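Data first, discussion second: the structure below is written as structure tokens.
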Amino acid sequence: MPTDITTTPGVKPGKSSDTKSKYSKSGNQKKSQIIMEFLGGCTPYEADALRAMLSIAAGKSTLETMPQYDRSALNRYLNFGCDKETGGMDGIRAHRQKRALELMKTVSQYVGKDEIIDITTALLTISSDSQDIQTVLNSLPKLQTPDTNHNARNVPSNAPMPK
């Protein structure tokens, strides 16, 4: 009895088992490309902050039940770009609230009106939290400029280092 080597046992002749896997692979490549473009357009720490906010929007967490890693992610996003010269507690609070507003605008593209209220409440609470702001103020390095410190390479800073 002749054997057709192009067929696999249990698969009807004429149907390609590769069609589904090729479609699935190309579909995954498109999804991967979309995700990579999205992530490439995010600012530092923005993707994690978005994930935390979308968790609140989906009802998976609240400000009170938010895991510590999500709160840390939000604080990293809110603090990005701060230094001690930002202006003390008030300057850091203003910087964090400005960043919170930027995040709200981004998140609003992915949620409805009802969810944006929960997100806004959470972001305003976290961005204004005195304890978080004091922690930031205590841990931020001073902004180093080439003229003020010749040993600036040994001190960590949020500012770009001179070459």
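The values are calculated or read from the model by the stated rules, or taken from the named source; none is laboratory data. Here the structure is a predicted model, which is why all the values come from computation and not from measurement. Because the Cβ atoms are built from the backbone with ideal geometry, glycine has one as well, and the counts that use them run over all protein chains shown. Note: accessible area is taken over every heavy atom of the protein model, side chains too, but ligands, DNA and RNA are not part of it. Shrake-Rupley method; radii C 1.70, N 1.55, O 1.52, S 1.80 Å.
Tell me the residue from G87, G10, G59, G14 that is at pLDDT 90 or above, on the phi > 0 side of the Ramachandran plot and of a type outside the set (K, R), please.
Details: G87 fails: at pLDDT 90 or above; G10 fails: at pLDDT 90 or above; G14 fails: at pLDDT 90 or above.
Result: G59 is the single residue among G87, G10, G59, G14 that is at pLDDT 90 or above, on the phi > 0 side of the Ramachandran plot and of a type outside the set (K, R).
Of the residues that make up the stretch 17-40, is at least one at pLDDT 85 or above, surrounded by 13 or more Cβ atoms within 10 Å (Cβ to Cβ) and of a type in the set (K, R)?
So far as the stretch 17-40 goes, no, none of its residues is at pLDDT 85 or above, surrounded by 13 or more Cβ atoms within 10 Å (Cβ to Cβ) and of a type in the set (K, R).
Of all residues in the stretch 41-99, how many are of a type in the set (D, E, K, R), more than 17 Å from Y110 (Cα to Cα) and either open to solvent by less than 30 Å² (accessible area, probe 1.4 Å) or in contact (Cβ under 8 Å) with a residue 12 or more places away in the chain (or both)? If you could, list the steps in order and put the result at the bottom.
Step one: filter the stretch 41-99 for residues of a type in the set (D, E, K, R), giving 46, 48, 51, 60, 64, 70-71, 76, 83-85, 90, 93, 96, 98-99.
Among the residues that remain, those that are also more than 17 Å from Y110 (Cα to Cα) are: 64, 70-71, 76, 83-85, 90, 93, 96, 98-99.
Applying the additional criterion that residues be either open to solvent by less than 30 Å² (accessible area, probe 1.4 Å) or in contact (Cβ under 8 Å) with a residue 12 or more places away in the chain (or both) yields 70-71, 76, 83-85, 93, 96, 99.
Within the stretch 41-99, residues that are of a type in the set (D, E, K, R), more than 17 Å from Y110 (Cα to Cα) and either open to solvent by less than 30 Å² (accessible area, probe 1.4 Å) or in contact (Cβ under 8 Å) with a residue 12 or more places away in the chain (or both) number 9.
May I ask you to list the residues in the stretch 100-120 that are of a type in the set (D, E, K, R), surrounded by 13 or more Cβ atoms within 10 Å (Cβ to Cβ) and within 15 Å of the chain's Cα centre (by Cα)? Explain how you work it out, then say what you get.
From the stretch 100-120, those of a type in the set (D, E, K, R) are 102, 105, 113-115, 118; that's our starting set.
So of that shortlist, the ones also surrounded by 13 or more Cβ atoms within 10 Å (Cβ to Cβ) come out as 102, 115, 118.
E102 - this is the single residue of the stretch 100-120 that is of a type in the set (D, E, K, R), surrounded by 13 or more Cβ atoms within 10 Å (Cβ to Cβ) and within 15 Å of the chain's Cα centre (by Cα).
Does L123 count as in contact with a Phe, Trp or Tyr (Cβ under 9 Å, 6 or more places away or on another chain) and either among the hydrophobic types (A, V, I, L, M, F, W, C) or open to solvent by less than 60 Å² (accessible area, probe 1.4 Å) (or both)?
Numbers: in contact with a Phe, Trp or Tyr (Cβ under 9 Å, 6 or more places away or on another chain): no; either among the hydrophobic types (A, V, I, L, M, F, W, C) or open to solvent by less than 60 Å² (accessible area, probe 1.4 Å) (or both): yes.
Criteria not met by L123.
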